[in-house]
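Contents: one structure, followed by commentary.
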Amino acid sequence: MIKSSKLRKLIIWLLYLLPVIFFAICYFLLTATEEDIAQGCGTAPDVLNDLIGAFRSDARISDMYAWAVINFFDYQYSFGIDTIFRLLDVLAVTGVLLLLTSLILGHRPRQKLKDALVFMGCFLLLVLTPYGYTFYRGFSMIHNYLIISLALLGFSLPFIRKLTNSKIPKLYYRWWIALPLGLVFGMSANFPPIAFIATYVIVKIWQLWQNKKHNQQYRIRPEAWECLMIGGMLVSMLFGYIVGPGVSRYANDPMYVNTYDYVAIGDILQNFGGSVARIAKHVIVNFARTMGPIVIILLLAWIVACLVGKIQHRKIKLLPDSLAQKRLLLCLAIFSCFSTLIGSQIIMPVRLCLPAYLALIVAATILIVHWRQEFKSRELAVLSTIMICLAVAAIIVKTIFAWDFHVRIGEVLAMIKNSEDNVIYINPDTLQQRPKIPFNMFQQEETFVRRQENGYNIYGKHIVYDATLKD
């Protein structure tokens, strides 16, 4: 039992700080990956050309940001401007966790044990699942999905607050906040804005039906801030698809065609039956990837809640009594389904399923918070201890893996930098002998890989792969 107020405050601070420490270790020990180097890591900044190049490639703000800032990073951490951008990444991922917590609680996180437990729960639901790698595998991926996550969660917050009759932050009523948020969200990624529109339309149709059939008093007409946010989103979406490349580049990208089994519109017209079968397979795989971890977590949480309820001689209700929360759970499930279905032309890699998974994290945590709302101080103390232990274990494992990789690749980078030759020969196979755990959890992407063979320039020197070289 947490009787001491000082002990309680310590536990709350640990629950809030340990996730931040984890990501600080990730980002300050992270070595540039092959994709980071391909995008210009370690070279002189060229922000304008990077922004233009990223827009022509993807027309997504997340990619534009990733391309523009990667030049400010060194291959490994060095004190200077590199420090500022790595700290910004730590702040950004903390912002993602705070927004998730705020969406779940219905208010800003406070210095309370239950709020801190939700914050830590969101962290564990990310890093202890296959989705965690999007936030620590490499700066290119990190920057992309930090922007996508912040845009999605920040954009959704006022709509969710309105749906649950909670207080909407005053900033969202300012046009200079609402409109830019809409513009950023519309071009942040391909699938989430479309899924949001579909979910929003369904909610409005349902509210209209409720007003007519059951004499409810839902406000159908959008408020000014809604018009600005949705209008900005639509404008930037159209701009990205019309002026930018849209999604047509997938058909010409071997990774999407071969690895992710991209089904083009032309394939559907030429072989309708076979294409439908492939898409059906994609749907099944994508839903399994999105919902699999959450279903397992919910089953475990439900079993624990039922055992605690049995000990306390009380019945645990599956769903909350609040109609507003039930509506929110349904909307989150609908958004997650749309986010997954929209990408059914390909077998979506885990990173593309992230927006749907974030919605499910919110839904699952709301249910778990509801199940544990009758927990007494003793149960909360046990839960806090387990979460802190898991976070500490994650930090230890990540530190060991990150430091091992940092040292091994650091030696190679130092050799390249100090060499007087303009061409450096490396055997990448000898650099990839490191510990393996399921889903490559807590591991970063490789710096030297075969798919970038003979395509590197590091410290102004050309890198050539030679498999005959020994350690």
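Quick notes on this one:
- Within the stretch 178-193, the set of residues being assigned to a helix (DSSP H, G or I) and buried (at least 18 other Cβ atoms within 10 Å of the Cβ) comprises Ala178, Leu179, Leu181, Gly182, Leu183, Val184, Phe185, Gly186, Phe191, Pro192, Pro193.
- Residue in the stretch 155-165 that is among the polar types (S, T, N, Q) and at pLDDT 95 or above present: yes
- Residue match in the stretch 16-38 (condition: without any contact (Cβ under 8 Å) to a residue 40 or more places away in the chain and either open to solvent by less than 40 Å² (accessible area, probe 1.4 Å) or not in a helix (DSSP H, G or I) (or both)): no
- Candidates Ser339, Ser275, Ser344 - the one that is among the polar types (S, T, N, Q), in contact with a Cys (Cβ under 9 Å, 6 or more places away or on another chain) and open to solvent by less than 30 Å² (accessible area, probe 1.4 Å): Ser339
- A count restricted to the stretch 130-144 and to residues that are hydroxyl-bearing (Ser, Thr, Tyr) and open to solvent by 10 Å² or more (accessible area, probe 1.4 Å) stands at 1.
- Matching residues, the stretch 228-249, being in a helix (DSSP H, G or I), in contact with a helix residue (DSSP H, G or I) (Cβ under 9 Å, 6 or more places away or on another chain) and modelled with pLDDT under 85: Val243, Arg249
- Within the stretch 397-424, residues that are farther than 11 Å from Gln76 by Cβ reach partners that are among the aliphatic types (A, V, I, L, M) and surrounded by fewer than 14 Cβ atoms within 10 Å (Cβ to Cβ) with beta carbons closer than 9 Å, at six or more positions or on different chains, in the pairs Val397/Ile437; Phe401/Ile437; Val423/Val464; Ile424/Met415; Ile424/Val464.
- Enumeration of residues in the stretch 39-57 that are out of contact with any helix residue (DSSP H, G or I) (no Cβ under 7 Å at 6 or more places or on another chain) and either open to solvent by less than 20 Å² (accessible area, probe 1.4 Å) or on the phi > 0 side of the Ramachandran plot (or both): Gly42
- Only listed residue being open to solvent by less than 10 Å² (accessible area, probe 1.4 Å) and either aliphatic (A, V, I, L, M) or touching a helix residue (DSSP H, G or I) at 6+ places or on another chain (Cβ under 7 Å) (or both), chosen from Leu98, Leu105, Leu113: Leu113
The values are calculated or read from the model by the stated rules, or taken from the named source; none is laboratory data. Every value quoted in this text rests on a predicted model; they were computed, and no experiment measured them. Using ideal geometry, Cβ is built from the backbone for each residue, glycine included, and neighbour counts are taken over all protein chains shown. These area figures cover heavy atoms from the full protein model, side chains too; ligands, DNA and RNA do not enter into them. Shrake-Rupley method; radii C 1.70, N 1.55, O 1.52, S 1.80 Å.
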